[in-house]
Amino acid sequence: EDRQKHPENYYGLMSGFKCLDKRFTGFLPGKYLVFTGMPNGGKTTVMFNVAMNMATINKHGVVYVTIESEHMRATQRILCIYAGVDENRILRGGSGNEGLSEDIMKTLRQAKEELSNMDNFSWIQVVSGTPATKILEMVERKRSFGPIDVLFIDYLDIVGRDRAYPNRPDLELADVSSVFQSYGKTTNTLVITAQQLKADSVKKLQKAKDT
């Protein structure tokens, strides 16, 4: 009866994407979500946008772990998403209308200041191959400064393996995945990560598309 009268009281953490939020009515704390996609298919872009939406619109505590991206590149992408500025403007440079005009520079400077003062969004930079347990140790140090509602791991395939299964990379990946899943349940944290589709999966999808 209460759900009938007040369904909003049971919604999960909203992504800020209407299509996802309508379909899933938000994502519950303690759950484990994996975005899958082809190489260069926009997994990181989607995750960056969801992270920013959750931190800025819904005011959730967000920690973003970036593994593959270079520090400057990741910072630049987050800044552009928050500012609503096309990143290609920075890549092109210059002071013209298609580049970094004074209005665009003003927007970016303001966004940088606001991001710097956000106490509910932080990110961790680690090198490829860093084990899941080590990553979670760093996350817990962040938790000592404030609550964490959502943890983003970008992305699953390049997290280091704590256990080795000779000739069974699928089991290694499953083991890493289970570590993050268990962490989410234990800490009641929504964990969001991404996985890259393998070559054979991409071929099957492409074949289905062509037919």
Tabulated pairs, segment 177-195, first assigned to a helix (DSSP H, G or I), second crowded, with 23+ Cβ neighbours inside 10 Å, C-beta under 6 angstrom, 6+ apart or interchain: Phe180/Val191; Gly184/Val191
Could you grab me the full set of residues in segment 21-40 that are under 21 Å from Leu197 (Cβ atoms) and touching a residue at least 24 places away in the same chain (Cβ under 8 Å)? Tyr32, Leu33, Val34, Phe35, Thr36, Gly37, Met38, Pro39
Given the criteria at pLDDT below 95, of a type outside the set (S, T, N, Q), open to solvent by 50 Å² or more (accessible area, probe 1.4 Å) and within 22 Å of the chain's Cα centre (by Cα), does Lys207 qualify? no
In segment 14-33, anything surrounded by 15 or more Cβ atoms within 10 Å (Cβ to Cβ) and more than 15 Å from Lys185 (Cβ to Cβ) is listed as Met14, Ser15, Gly16, Leu20, Asp21, Phe24, Gly26
Segment 132-168, residues that are at pLDDT 90 or above, among the acidic types (Asp, Glu) and part of a loop (DSSP other than H, G, I, E, B): Asp149
Pairs under 9 Å by beta carbon, first residue touching a residue at least 24 places away in the same chain (Cβ under 8 Å) and outside any loop (DSSP other than H, G, I, E, B) in segment 116-131, partner among the aromatic types (Phe, Trp, Tyr) and open to solvent by less than 60 Å² (accessible area, probe 1.4 Å), six or more apart or different chains? Phe121/Tyr64; Ser122/Tyr64; Trp123/Tyr64; Trp123/Phe152; Ile124/Tyr64
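The values are calculated or read from the model by the stated rules, or taken from the named source; none is laboratory data. Everything quoted here is computed from the prediction, not taken from an experiment. Glycine also receives a Cβ, built like all others from the backbone with ideal geometry; neighbour counts cover every protein chain displayed. Just the protein is used for accessible areas: all its heavy atoms, side chains included, with ligands, DNA and RNA removed. Shrake-Rupley method; radii C 1.70, N 1.55, O 1.52, S 1.80 Å.
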